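This report concerns only the one structure given below.
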Amino acid sequence: MPASSMDDLVALCKRRGFIYPSSAIYGGLKGFFDFGPMGVELKNNLKKAWWNHMVYQRDDVVGLDSSTIMNTEVFNYSGHLDTFSDPLVDCRQCKGRFRADHLEKPICPQCGSKELTDPRPFNLMMKTTLGPIEDPSAVAYLRPETAQGIFVNFKHVTDSMSVKLPFGIAQIGKAYRNEITPRNFIFRVREFEQMELEFFVKPGDDEQWHEYWVDQRIQWWHQQGLNPSRLVKFEQPKEELAHYSKATVDLLYEFPHGLEELEGVANRTDYDLGSHSKEQSELGLTANVKENIHSVSRLALKGDQNEWIVPYVIEPSAGVERGILAVLHEAYTEEDLGDGKNRVVLKLPFHLAPIKIAVLPLAKNNEEIVKLAQSIVSKLKQAPIGWVVLENTGSVGKSYRRHDEIGTPYCITVDFDTIGQEGNPLLKDTVTIRDRDSLEQTRLPIDQLVSFFMNKIYGA
Ligand code: ATP
């Protein structure tokens, strides 16, 4: 069973160093969060898993890391300046502001008044100014999606890499949206990260590739530990499609607050490359224009028949924060251990767990035990296992509780038997390995530890 409530998750995240409210000592800032020592590891591990699956495991995808502030013309031609808005209503009584499409009834959710203004579009892009003079020409926007960085670098990438259709460009990075009502913890925030792939295909092949990417993405989320019964496909109705999309399939997940979008997989057609080409074709950057490509030249590519085409693009776009929330929700488990004892344990997949192994000396002031524990940590750190820590609190029970709650898959205890002081000579130079999920304890010689964990992680 996943976490029973969002409150449980919020409390665990704060207590155990995953996620803190931003600027907390000054009262916080709505829609912003900071990732603590455990959170940053979980986040990095999720991003690594995505990059591995989308880039390293394939032969047809390359990566990119583009700037988060871009020339205003990018958002003019992408359509974001005109259309990237949500409907906003004001309450005339309490002055609260809300997203009209999030209200179940035309009633203020804050004070109950029915005196709401008519909805008006509110652009979600965050504005800033560049340079010392704050005039309109200095206005710039923080990107609301990473995708535009990929489109405007399309020619750079195709000129500098040997890529052929179909191929993709992947990017993970920050995006900013001035959400009217940030809410539900890290589900809807104003600063977040996206993991986006723009996969370029021949027009006509787009629908088949769209289906392919929806399936790929569902499988990947299962590998991150999401229960298939809580992840569903939802085809967006035509009237709700974004301005660039021909078809979008949302992957909805049953978050603690309800079934909502975790990732969108959109068929963006040639909308973006086409729009940016309109502007840049005037620069005459390439002369190879065929009549049938409506003067779109810069971002066209040669297809099979040697004709110039503007590729269509399929875009799987996932939010890192929503991914973290889903993964945490899924992993959170409360277990009754009998005798009135219970525990909270995060059953994260091994590759996502922040700490992989914690080594615990049984007696924190016994020099021999502590030294041996340190040498075990050093040995394990040299193997490709991930983060291994020494935790010398002297209270093994307390350490187990902490490591259960942060999802550490294995704890190793170094005790008096290990140093040969407990009477059983057979146990000298052996340690106890405790499995987070089964609670099974195995006694193993120290010199077999590395191969034991390598087998666990990579198989025999
Ligand atoms: P929503 O309808 O929930 O506002 P969206 O359809 O506007 O989301 P997209 O533009 O498709 O979202 O963005 C792709 C992904 O980026 C989303 O599936 C989500 O995971 C993530 N995302 C978008 N907005 C936010 C946000 N405000 N906070 C956190 N993640 C977000």
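The values are calculated or read from the model by the stated rules, or taken from the named source; none is laboratory data. Just so it is clear, the structure is predicted and the values come from calculations on it, not from any experiment. When we count neighbours, we look across all protein chains shown, and the Cβ atoms used for this are built from the backbone with ideal geometry, even at glycine. Ligands, DNA and RNA are excluded from the accessible area calculation, which covers all protein heavy atoms including side chains. Shrake-Rupley method; radii C 1.70, N 1.55, O 1.52, S 1.80 Å.
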>> Probe radius 1.4 Å, ligands and nucleic acids ignored: give me the carbon and sulfur share of the accessible area of the chain as a rounded percent.
In response: 49
> Taking the Cα atoms only, what angle lies between the long axis of helix 320-331 and the longest principal axis of the chain, rounded to 10 degrees?
Replying inline: 40
> Once you charge only the Cβ atoms, +1 for Lys and Arg and -1 for Asp and Glu, what is the size of the charge dipole of the chain about its Cα centre, to the nearest 20 debye?
Replying inline: 1080
> Between the helical axis of 206-223 and the dominant principal axis of the chain, each derived from Cα atoms, what acute angle in degrees is found, rounded to the nearest 10?
Replying inline: 20
> Which whole-number percent gives the relative contact order of the chain, counting Cα pairs below 8 Å spaced six or more residues apart?
Replying inline: 13
> If one computes the Cα centroid of the stretch 1-77 and of the stretch 318-372, what distance in Å separates the two points?
Replying inline: 20
>> Quick query: amide H of GLU263 versus all other amide H atoms, modeled in the peptide plane; which residues come in under 5 Å with a sequence gap of 5 or more or a different chain?
In response: LEU251
>> Please report the antiparallel percentage of DSSP beta bridges with both residues in the chain, rounded to the nearest 5.
In response: 85
>> Considering only C-alpha atoms, what is the centroid distance from the stretch 439-460 to the stretch 82-133, in Å?
In response: 56
> Using θ = phi - 60° and the Karplus curve 6.51 cos²θ - 1.76 cosθ + 1.60, what whole-Hz ³J(HN,Hα) does each residue of the stretch 193-204 get, with Gly and Pro shown as x?
Replying inline: 10, 10, 10, 10, 10, 10, 10, 8, 9, 6, x, x
> How about the stretch 374-460: which GluC sites (Glu not before Pro) there are in a DSSP loop, with at most 15 other Cβ atoms within 10 Å of their Cβ?
Replying inline: GLU422, GLU440
> On a 0 to 90 degree scale, rounded to 10, what angle separates helix 367-382 from the longest Cα axis of the chain?
Replying inline: 30
> Check ILE19: other-chain or 5+ apart residues with amide H under 5 Å from its amide H, H built from backbone geometry?
Replying inline: LYS14, GLY36
> Among all cysteines in the chain, which have no other cysteine Cβ under 4.7 Å from their own Cβ?
Replying inline: CYS13, CYS411
> Taking Cα pairs under 8 Å and at least six residues apart, what relative contact order does the stretch 311-440 come out at, in percent?
Replying inline: 24
> Taking amide H positions as placed 1.01 Å from N in the peptide plane, with prolines and chain starts having none, which residues 5 or more places from ALA175, or on another chain, fall under 5 Å of its amide H?
Replying inline: PHE192, GLU193, GLN194
